[in-house]
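Colleague: Just dropping this structure here.
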Amino acid sequence: MKLATMKDGTRDGKLVVVSRDLTRYTDASFLAPTLQAALDDWRRIAPHLAAMAESLETGAVPSERFHEHDAHSPLPRAYQWADCSAYLNHVQLVRKSRGHDMPASVETDPLIYQGGSDSFLGPRDPIQAADQEFGIDMEGEIAVVVDDVPMGTNREDALDAIRLVMLVNDVSLRALAPSELAKGFGFFQSKPSSAFSPVAVTPDELGDAWQDGKLHLPLCVDLNGRPLGRANAGVEMSFDFGSLIAHAAKTRRLGAGTIVGSGTVSNSLEGGPGKPVAAGGVGYSCLAELRTVEALEGGAAKTPFLQFGDVVRIEMKDRAGHSIFGAIEQTVAPA
């Protein structure tokens, strides 16, 4: 099934069930007022939501037209947002751009940070920044939402705890990151609010594209109407979501509604950094990667980071070409 949160003038919106083709929705707030409330009581609520989803497909329940512009992120705020970096090609390129070496444990110990989760952006809300010299960047990612996960869980049980899958634009302010990281205390100002896809889907909706805790489909990232990235999210993901969740739960329990991100989806090319889409490659899910490749090949980055007025679009389509999650589409604007 597909779930969304519609804007209704309240902080957390109202829970709705969305049709598979993303054209219609039916109000589910009488079952659970918000998605977080549904996740808090998932085993009891989920079967009723699934029944509503089937009724929506057959026209057996009242429905309204689904407009992605009217949707919040599925969880407008969350108890926890833990973002990882599971694609080592991305880790290598971004760390190279900062002049840093790869950590010795990078292939065995996932990178993870705890992001701000008190106020996510809606999928069509603008990306606002006080200054475009902050180095505004998009990062196209996959994320999962989990049920309660006990401390010390194993990979298999962690996979079983995944309830929903979403897309992410993990907005980054690249010019602010180096000085923050140099303090040895991690990201804060350089990681403003992220945005998630209009719709969150249960793993069964993904069919055989969801295998072994990975989503095996290309992530479409466009900038100003032109393809920037088409990297396959199931390729070169060094840590699947079961491993990422188990890593996050090593020393703490994860509460229902915790969001775990994959990190920027990134594919290399025969051991190299990959080619732009226009050159026959799969491109990049963020500008930092493209700029690093430009610097490696030509001595300096040519592509600027996001400027006011730029439009970012992140979407994923099934093998028939249909949008699965709806689209994150955001304009960069001055705060």
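The values are calculated or read from the model by the stated rules, or taken from the named source; none is laboratory data. Fair warning: this is a prediction, and the values are worked out from it, not measured in the lab. In this analysis, Cβ positions are derived from the backbone assuming ideal geometry, glycine residues included, and neighbour counts consider all displayed protein chains. Heads up: the accessible areas ignore ligands, DNA and RNA and are worked out on the full protein's heavy atoms, side chains in. Shrake-Rupley method; radii C 1.70, N 1.55, O 1.52, S 1.80 Å.
Colleague: Considering each of Ala195, Ala182, Ala200, Ala161 in turn, give the residue that is out of contact with any strand residue (DSSP E or B) (no Cβ under 6 Å at 6 or more places or on another chain), among the hydrophobic types (A, V, I, L, M, F, W, C) and either open to solvent by less than 10 Å² (accessible area, probe 1.4 Å) or farther than 26 Å from Gly122 by Cβ (or both).
Modeller: Details: Ala195 fails: out of contact with any strand residue (DSSP E or B) (no Cβ under 6 Å at 6 or more places or on another chain); Ala200 fails: out of contact with any strand residue (DSSP E or B) (no Cβ under 6 Å at 6 or more places or on another chain); Ala161 fails: out of contact with any strand residue (DSSP E or B) (no Cβ under 6 Å at 6 or more places or on another chain).
One residue alone meets the criteria, Ala182.
Colleague: Still on this structure, please answer the following. Of everything in segment 164-179, what is among the hydrophobic types (A, V, I, L, M, F, W, C) and open to solvent by 10 Å² or more (accessible area, probe 1.4 Å)? Give them in sequence order. Steps first, please.
Modeller: So in segment 164-179, the residues among the hydrophobic types (A, V, I, L, M, F, W, C) come out as 164-168, 171, 173, 175-177.
Matches in segment 164-179: Leu173, Ala175, Leu176.
Colleague: Tally up the residues in segment 251-272 that are over 23 Å from Leu167 (Cα atoms) and in contact with a helix residue (DSSP H, G or I) (Cβ under 6 Å, 6 or more places away or on another chain), please.
Modeller: Kept after step one, since they are over 23 Å from Leu167 (Cα atoms), are these residues of segment 251-272: 251-253, 269-272.
Pick out the ones that are also in contact with a helix residue (DSSP H, G or I) (Cβ under 6 Å, 6 or more places away or on another chain) and you get none.
Summing the residues that are over 23 Å from Leu167 (Cα atoms) and in contact with a helix residue (DSSP H, G or I) (Cβ under 6 Å, 6 or more places away or on another chain) in segment 251-272 gives 0.
Colleague: If you don't mind, there's one more thing I want to ask. So Arg291 passes all but one of these: (1) on the phi > 0 side of the Ramachandran plot; (2) open to solvent by 40 Å² or more (accessible area, probe 1.4 Å). Which condition number does it fail?
Modeller: (1)
Colleague: Going by the structure shown, is Val149 touching a helix residue (DSSP H, G or I) at 6+ places or on another chain (Cβ under 7 Å), closer than 24 Å to Gly234 by Cβ, surrounded by fewer than 24 Cβ atoms within 10 Å (Cβ to Cβ) and not acidic (Asp, Glu)? Steps first, answer last, please.
Modeller: Details: touching a helix residue (DSSP H, G or I) at 6+ places or on another chain (Cβ under 7 Å): yes; closer than 24 Å to Gly234 by Cβ: yes; surrounded by fewer than 24 Cβ atoms within 10 Å (Cβ to Cβ): yes; not acidic (Asp, Glu): yes.
Taking the combined requirement at face value, the residue satisfies it.
Colleague: Residues of segment 182-231 being among the basic types (Lys, Arg) and in contact (Cβ under 8 Å) with a residue 60 or more places away in the chain, which ones? Reasoning before the result, please.
Modeller: So the first thing to find is which residues in segment 182-231 are among the basic types (Lys, Arg), and the list is 183, 191, 214, 226, 230.
The answer is Lys191, and nothing else.
Colleague: Also, I was wondering about something else. Taking interchain pairs and intrachain pairs at least six residues apart, which have beta carbon atoms under 6 angstrom, with the first residue in segment 289-302 and assigned to a helix (DSSP H, G or I) and the second at pLDDT below 90 and open to solvent by 30 Å² or more (accessible area, probe 1.4 Å)?
Modeller: Thr292/Lys96; Thr292/Ser97; Val293/Pro273
Colleague: (1) open to solvent by 10 Å² or more (accessible area, probe 1.4 Å); (2) part of a loop (DSSP other than H, G, I, E, B): which one isn't true of Ala333, the others all being true?
Modeller: Condition not satisfied by Ala333: (2).
Colleague: Further question: Out of curiosity, is Ala301 open to solvent by less than 60 Å² (accessible area, probe 1.4 Å) and aliphatic (A, V, I, L, M)? Break it down stepwise before answering.
Modeller: Numbers: open to solvent by less than 60 Å² (accessible area, probe 1.4 Å): yes; aliphatic (A, V, I, L, M): yes.
Here the answer is yes, as Ala301 does meet what is asked.
Colleague: A follow-up question, please. Quickly run through segment 212-236 and pick out the residues that are part of a loop (DSSP other than H, G, I, E, B), out of contact with any Asp or Glu (no Cβ under 9 Å at 6 or more places or on another chain) and open to solvent by 30 Å² or more (accessible area, probe 1.4 Å). Steps first, answer last, please.
Modeller: So the first thing to find is which residues in segment 212-236 are part of a loop (DSSP other than H, G, I, E, B), and the list is 212-213, 216-217, 219, 224-225, 230-231, 233-236.
Filter again for out of contact with any Asp or Glu (no Cβ under 9 Å at 6 or more places or on another chain), leaving 225, 230-231, 235-236.
Within segment 212-236, Gly225, Arg230, Val235, Glu236 meet the criteria.
Colleague: Out of the residues in segment 102-157 that are of a type in the set (Val, Ile, Thr) and in a loop (DSSP other than H, G, I, E, B), which is modelled with the highest pLDDT?
Modeller: So the residue we want is Thr153.
Colleague: I'm trying to understand the selection: among the residues of segment 172-211, which are farther than 30 Å from Tyr25 by Cβ, under 18 Å from the mean Cα position of the chain (by Cα), assigned to a loop (DSSP other than H, G, I, E, B) and polar (S, T, N, Q)?
Modeller: Ser190
Colleague: Within segment 19-48, take every residue that is of a type in the set (Lys, Arg) and under 23 Å from Ala60 (Cβ atoms) and give me the one that is surrounded by the fewest Cβ atoms within 10 Å (Cβ to Cβ).
Modeller: Arg44
Colleague: Tell me the helices (runs of 4 or more DSSP H) entirely within segment 2-100 that contain at least 3 residues that are touching a residue at least 24 places away in the same chain (Cβ under 8 Å) and farther than 30 Å from Ala301 by Cβ.
Modeller: Numbers: elements: 35-40, 42-58, 88-97.
Ranges flagged: 35-40, 42-58.
Colleague: Would you mind finding the one in Thr251, Thr258 that is out of contact with any strand residue (DSSP E or B) (no Cβ under 9 Å at 6 or more places or on another chain), of a type in the set (S, T, N, Q) and modelled with pLDDT of 95 or more?
Modeller: Details: Thr258 fails: out of contact with any strand residue (DSSP E or B) (no Cβ under 9 Å at 6 or more places or on another chain).
Going through Thr251, Thr258 in turn, the sole match is Thr251.
Colleague: Since Asn224 meets every condition but one in (1) under 17 Å from the mean Cα position of the chain (by Cα); (2) within 20 Å of Arg124 (Cβ to Cβ), which condition does it not meet?
Modeller: Looking at each condition in turn, Asn224 falls short on (1).
Colleague: Of the residues Arg174, Arg163, Arg155, which is of a type in the set (Lys, Arg) and over 27 Å from Lys250 (Cα atoms)? So that I can check it myself, show each step before the final result.
Modeller: Numbers: Arg163 fails: over 27 Å from Lys250 (Cα atoms); Arg155 fails: over 27 Å from Lys250 (Cα atoms).
Exactly one residue qualifies, and that residue is Arg174.
Colleague: If we keep just the residues of segment 237-278 that are part of a loop (DSSP other than H, G, I, E, B) and of a type in the set (Ser, Thr, Tyr), which is surrounded by the most Cβ atoms within 10 Å (Cβ to Cβ)? Give the steps one after another, and end with the answer.
Modeller: In the first step, residues of segment 237-278 are kept if they are part of a loop (DSSP other than H, G, I, E, B); the result is 237-240, 249-253, 255-258, 262-268, 270-271, 273-276.
This time we only want the ones that are of a type in the set (Ser, Thr, Tyr), so: 238, 251, 258, 262, 264, 266, 268.
On the way: Ser238: 16, Thr251: 8, Thr258: 25, Ser262: 28, Thr264: 32, Ser266: 34, Ser268: 19.
Looking at residues that are part of a loop (DSSP other than H, G, I, E, B) and of a type in the set (Ser, Thr, Tyr), I get Ser266.
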